[in-house]
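Asks: Okay, handing you the structure first.
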Amino acid sequence: MEALRRAAGAFYERLPEKEKKLARKAFKAMDKNGDGQINLREYMKYLKKKKVTDLTNQSIFRALDKDDNGSLDFEEAFLLFYIMQSGRALFCKSCTTFMPGAYFSCSQCFFRVDAESTYEICCDCYGGKRYTHHGGATFCDNYTLLRQSRSAMQEAPLTKRNKVLENLEKPRRIVILTTGILSMFDDVKDGVGDHNSNDGGSSGLDCNIQ
């Protein structure tokens, strides 16, 4: 979880100031009793409203709660936002445990566009052979698959490679992730609009949370 926590923190630091303000306003809207912390009840209510039932398990809340004080501060809550919108809400297909770090995927399923699932399993289930999958499956950890993806792209014909690169253009991917996270803050859209005149040049906030 710590590596994922650092990634979320680094992502937040690179957000424009107006979007950081929006995230803070969203946190306050989530904090129904106004004590500056998100308790378990507020956490559950928020996720049910967003229809993200996979993360309602109390073990996820405890994992987010870095200082183990029974509530989430802003940094801990932003990690939740990051997990939800960066595609990191991954659970082992065998034991259903949350996988914040390294995990294994079936490489055949990973590279097949028609596969229903990339079949991710935790390190414990893979090492202990506690899973059931198709015969002849080859498993690789997520970092190895990332490198293999690059190798496969480099070996592809130039025309196909350029097409893939157009679809995976870095700035575009960052924008998608940013707007995806900010779309989770729709709860405070009206509130942000009410404060635009006081923020000085923050009228563009509404454009990021459509």
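Asks: Exactly one of these conditions fails for N57: (1) among the polar types (S, T, N, Q); (2) surrounded by 12 or more Cβ atoms within 10 Å (Cβ to Cβ); (3) over 17 Å from the mean Cα position of the chain (by Cα). Give me its number.
Replies: Exception for N57: condition (3).
Asks: Answer yes or no: is there a residue in region 81-104 that is free of Cβ contacts under 8 Å to residues at least 40 places away in the same chain, assigned to a helix (DSSP H, G or I) and either of a type in the set (S, T, Y) or surrounded by 18 or more Cβ atoms within 10 Å (Cβ to Cβ) (or both).
Replies: no
Asks: Hey, another quick one. Out of F111, F78, which single residue is among the hydrophobic types (A, V, I, L, M, F, W, C), surrounded by fewer than 16 Cβ atoms within 10 Å (Cβ to Cβ) and touching a residue at least 12 places away in the same chain (Cβ under 8 Å)? Spell out how you get there, then give the answer.
Replies: On the way: F78 fails: surrounded by fewer than 16 Cβ atoms within 10 Å (Cβ to Cβ).
Going through F111, F78 in turn, just one is among the hydrophobic types (A, V, I, L, M, F, W, C), surrounded by fewer than 16 Cβ atoms within 10 Å (Cβ to Cβ) and touching a residue at least 12 places away in the same chain (Cβ under 8 Å): F111.
Asks: Of the conditions (1) in a loop (DSSP other than H, G, I, E, B); (2) farther than 21 Å from A7 by Cβ, K66 satisfies every one except a single condition; which number is it?
Replies: (2)
Asks: Given the criterion surrounded by fewer than 15 Cβ atoms within 10 Å (Cβ to Cβ) and farther than 15 Å from D73 by Cβ, identify the matching residue among K51, K18. Break it down stepwise before answering.
Replies: Working: K18 fails: surrounded by fewer than 15 Cβ atoms within 10 Å (Cβ to Cβ).
Exactly one of K51, K18 is surrounded by fewer than 15 Cβ atoms within 10 Å (Cβ to Cβ) and farther than 15 Å from D73 by Cβ, namely K51.
Every number in this text was worked out from the coordinates using simple rules, so none of it is lab data. Please read these numbers as outputs of a predicted model, since none were measured by experiment. Backbone-built Cβ (ideal geometry, glycine too); neighbour counts: all protein chains shown.
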